[in-house]
Amino acid sequence: MRGFRGLTVDAFGCLLRGGPGQLPNAMRKVVGAREETRNVQSPEDLWRDTFRRYIRANPFLSFREVHRKTIQDFFKALGISEDVDGSIDAAFDEYRSSSAYPEVSAVLRDVEQEVPVAVVSNMDTTALLGALQRNGLTFTFIITSDEEQRYKPDPSLFQRAVRYLGLPAANVLHVGSSYAEDIVGASLTGMPALLMQRPGAPEEPRGEAQGTVHDLQQVNDFIRNSWKES
């Protein structure tokens, strides 16, 4: 079999704006309202590092519990006293109301005429479905950490996607915005991967990635070119 015949893609950072890899706006407002808060790290880096620590925890923590622990540590580090449960709800509301990037809907329609597509996401299933439905995006296959009880880069999420698509791992291209979660996880599964580096997003290492793209149209072009080069 030649070229890429299936596609798996992360949701937030690739299809949808925002996501847990970024400091939620509700948290940013809390920090901004307290000019006296100071920390060695920026609030964005503090959030990202703390969140990633908890999704790597063993045993597995639910997506909501990861947020609870992350927010508690975040507030403690910045000397903030705030409603943790209210902050969790605000973050989840933000995820559900996320907007798709401008080209996503049209490009996906084009891609899905040629190859099957699955979403692989470190996300609460209900919140993710809400965001996708809000943007009119539907997928036959959606694999979440919530259902798998594992977080990327654990290979089990990618292996499930490969089984659903019914293709060899080498013929399924994965696209994600996180090196540590997407590129590493796909590589452990034998899947080639592209790093999605949206304009304005924090720079990520490329590592084993086949390349870097900046929008979904470039992913579509990469897939089609693989058929010509094979």
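The values are calculated or read from the model by the stated rules, or taken from the named source; none is laboratory data. Just so you know, these numbers come straight off a predicted model, no measurement behind them. Every residue, glycine among them, receives a Cβ derived from its backbone with ideal geometry; neighbour counts consider all protein chains shown. Keep in mind that these areas ignore ligands, DNA and RNA; they rest on the heavy atoms of the full protein, side chains included. Shrake-Rupley method; radii C 1.70, N 1.55, O 1.52, S 1.80 Å.
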Among DSSP beta bridges whose residues both lie in the chain, state the antiparallel percentage, nearest 5. 5 percent
May I ask you to derive the FRET efficiency for GLU44 and GLU114 from their Cβ-Cβ distance with R0 = 45 Å, giving the value to the nearest 0.05? 0.75
Region 114-159: C-alpha gyration tensor shape, a/c 1.5 cut-off, then a/b vs b/c: oblate
Could you give the accessible area per residue of region 95-142, probe 1.4 Å, as a whole number in Å²? 44 Å²
In terms of the alpha carbon gyration tensor, root eigenvalues a ≥ b ≥ c, rounded if a/c is under 1.5 and otherwise prolate when a/b exceeds b/c or oblate, region 94-230 is rounded
Taking Cα atoms only, helix 63-78 is inclined relative to the longest principal axis of the chain by an angle, in degrees rounded to 10, of 40 degrees
State the Cα centre-to-centre distance between region 43-105 and region 145-186 in whole Å. 22 Å
In degrees, nearest ten, helix 84-96 long axis to first principal axis of the chain (Cα): 30 degrees
Summarise the accessible area of the chain (1.4 Å probe, protein heavy atoms) by the percent that is carbon and sulfur. 46 percent
FRET efficiency estimate (nearest 0.05) - Cβ-Cβ, ALA180 to GLN72, R0 30 angstrom: 0.85
Tell me the angle of helix 125-134 to the major Cα principal axis of the chain, expressed in degrees between 0 and 90 and rounded to the nearest ten. 70 degrees
Among (1) 0.95; (2) 1.11; (3) 0.98, only one was calculated for this model; which label is it, if the read-out is Rg/Rh (Cα atoms, Kirkwood Rh)? (3)
